[in-house]
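The values are calculated or read from the model by the stated rules, or taken from the named source; none is laboratory data. Worth saying up front: this structure is predicted, and the values here are computed from it rather than measured. Methodologically, a virtual Cβ is constructed for each residue, glycine included, from the backbone with ideal geometry; neighbour enumeration extends over all protein chains shown.
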């Protein structure tokens, strides 16, 4: 990475040359616990002390962001519904293609992973549009399009004429919508909460994802075994519509863009805007390292979800019911992590949490590789859920707490760009698993990941100090 600048303990040192401003000059940077007057939600004329809701004092802060921010309640509920749809889709499509292809590990993994491929092309541009357009409306249009697509595929499955290539086509089109909405949804979190509630909001957002990782597969398995695959996709379409309805009354009171930045952004071309965001990330050592760590996390952790149908059958000798339990148990670990973080905060400095949980997740994957027993694999799925959720929330909070809002979409799109690694890593592991076995493949992944984690925790002293 070339010469690495050391970050000041507890702070992220931004590239002050970007557009002639530093992070401390960004309009989105308000001292913790405070909000600028322009950010306060409009109140009735003459209402004393109106504006931002008064923070709840005393007791646990588990749901502080939901209590203090009306618009975040709409976003959180909508994101939770969309997450349920995504987990239902991933779980169902893997088993559908596993059945249609005669038990192919490669097809089962590839069809779910292909959804992330459009991010490699569309993702960065989605970030540019997220910083130039109305983020709320962009998500509404995208979610409605995904609902129509899911309903259409459900009808095809119901007709009995569905083939493997149809599933690939469906997931490719769904991936376009996924690539557009993911960075925008992430940016909207900071636009709907005051800065003092940001860490709690990130934890609650992860809570919605992990709880649906628990509920989605359980619902999916129930539908598959009772009424067939088609109803999974009808439910997916309905959940997307739920998010659309929730976002209609939502507003973004904390979307803050300075007049100078707004004019500059509108005059700049799309390519110039894209490179402005890349310059912000790669011009700062700590931001660059946090982004790299997230890329590694995705390549190590996420393929496991796509490989579960294969792992469940080959390593554990079980079927769809056990596969749903495996994902649900991982979701339980993630849900526990979000409750702990939302209520009591992080067990160490956020940068150290990122590094430690990368190592613990790697150990869990290595253990899964040597396991042929459900009693050992289930606890490792809990560790995976705990590790991945702690990593995501701490990494996102560090990044989102300092990025200027007029760059938030572009930075989020690069953070989400790592999702494009999922199909590449999953197909590679699936290809290897088809020629040896899934256990050997996971052992190899675990060893590589553990060595990388040890290297990072020793080398990245500036990340370790971040809080």
Task: Among (1) outside any helix (DSSP H, G or I); (2) surrounded by 20 or more Cβ atoms within 10 Å (Cβ to Cβ) - the single one residue 372 does not satisfy - done: (2)
TODO: Considering each of 198, 155 in turn, give the residue that is assigned to a helix (DSSP H, G or I), surrounded by fewer than 21 Cβ atoms within 10 Å (Cβ to Cβ) and at pLDDT below 90.
DONE: 198
Task: Which numbered condition residue 227 fails, given (1) farther than 30 Å from residue 66 by Cα; (2) surrounded by fewer than 17 Cβ atoms within 10 Å (Cβ to Cβ); (3) at pLDDT below 85; (4) touching a helix residue (DSSP H, G or I) at 6+ places or on another chain (Cβ under 9 Å) - done: (4)
- [ ] Would you confirm whether any residue within segment 390-407 is crowded, with 22+ Cβ neighbours inside 10 Å, free of Cβ contacts under 8 Å to residues at least 60 places away in the same chain and within 20 Å of the chain's Cα centre (by Cα)?
- [x] yes
Task: Test: residue in segment 315-336 that is at positive phi and surrounded by fewer than 20 Cβ atoms within 10 Å (Cβ to Cβ) - done: yes
- [ ] Filter segment 71-99 for residues that are touching a residue at least 40 places away in the same chain (Cβ under 8 Å), over 19 Å from residue 324 (Cβ atoms) and more than 16 Å from the chain's Cα centre (by Cα) and give the result.
- [x] 71, 72, 74
Task: Options 150, 174, 179, 167; residue that is crowded, with 17+ Cβ neighbours inside 10 Å, within 30 Å of residue 252 (Cα to Cα), at pLDDT 85 or above and more than 20 Å from the chain's Cα centre (by Cα) - done: 150
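In segment 275-287, what residues are crowded, with 19+ Cβ neighbours inside 10 Å and either more than 24 Å from residue 129 (Cβ to Cβ) or in contact with a helix residue (DSSP H, G or I) (Cβ under 6 Å, 6 or more places away or on another chain) (or both)?
Going through segment 275-287, the residues crowded, with 19+ Cβ neighbours inside 10 Å turn out to be 276-277, 280-281, 284-287.
Residues satisfying the conditions are 277, 280, 281, 285, 286, 287.
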Open item on the list: Please go through segment 288-307 and give me each residue that is in contact with a helix residue (DSSP H, G or I) (Cβ under 7 Å, 6 or more places away or on another chain) and modelled with pLDDT of 85 or more, ordered by number.
Closed with: 288, 289, 290, 291, 293, 294, 295, 296, 297
- [ ] Considering only segment 111-135, state which residues are touching a residue at least 60 places away in the same chain (Cβ under 8 Å), under 23 Å from residue 427 (Cβ atoms) and surrounded by fewer than 24 Cβ atoms within 10 Å (Cβ to Cβ).
- [x] 114, 117, 118, 120, 124
TODO: For residues that are farther than 23 Å from residue 356 by Cβ, in a helix (DSSP H, G or I) and touching a residue at least 40 places away in the same chain (Cβ under 8 Å), tally how many sit in segment 431-462.
DONE: 7
Open item on the list: Cβ contacts < 8 Å: first residue over 12 Å from residue 182 (Cβ atoms), restricted to segment 411-430; second residue in a helix (DSSP H, G or I) and at pLDDT below 70, any location; separation 6+ or different chain. Result?
Closed with: 430/105
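Condition check ((1) modelled with pLDDT under 85; (2) assigned to a loop (DSSP other than H, G, I, E, B); (3) under 30 Å from residue 174 (Cβ atoms); (4) touching a strand residue (DSSP E or B) at 6+ places or on another chain (Cβ under 7 Å)) across all residues:
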| residue | (1), (2), (3), (4) |
| --- | --- |
| 28 | yes, yes, no, no |
| 32 | yes, yes, no, no |
| 43 | yes, yes, no, no |
| 48 | yes, yes, no, no |
| 71 | no, no, yes, no |
| 79 | no, no, yes, no |
| 90 | yes, no, yes, no |
| 95 | yes, no, yes, no |
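Restricting to segment 308-320, what's the tally of residues that are touching a helix residue (DSSP H, G or I) at 6+ places or on another chain (Cβ under 6 Å) and assigned to a helix (DSSP H, G or I)? Quick ask: steps written out before the conclusion?
So the first thing to find is which residues in segment 308-320 are touching a helix residue (DSSP H, G or I) at 6+ places or on another chain (Cβ under 6 Å), and the list is 308-312, 314-316, 318, 320.
Restricting the remaining residues to those that are assigned to a helix (DSSP H, G or I) gives 308-312, 314, 320.
Going through segment 308-320 one residue at a time, the tally reaches 7.
Can you tell me which of 382, 445 is crowded, with 24+ Cβ neighbours inside 10 Å and within 24 Å of residue 324 (Cα to Cα)? Reasoning before the result, please.
Values: 382 fails: crowded, with 24+ Cβ neighbours inside 10 Å.
After applying the criteria, what remains is 445.
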Task: Unmet requirement for residue 103, which otherwise passes all of (1) under 19 Å from the mean Cα position of the chain (by Cα); (2) surrounded by fewer than 17 Cβ atoms within 10 Å (Cβ to Cβ); (3) at pLDDT below 85; (4) over 20 Å from residue 415 (Cα atoms) - done: (1)
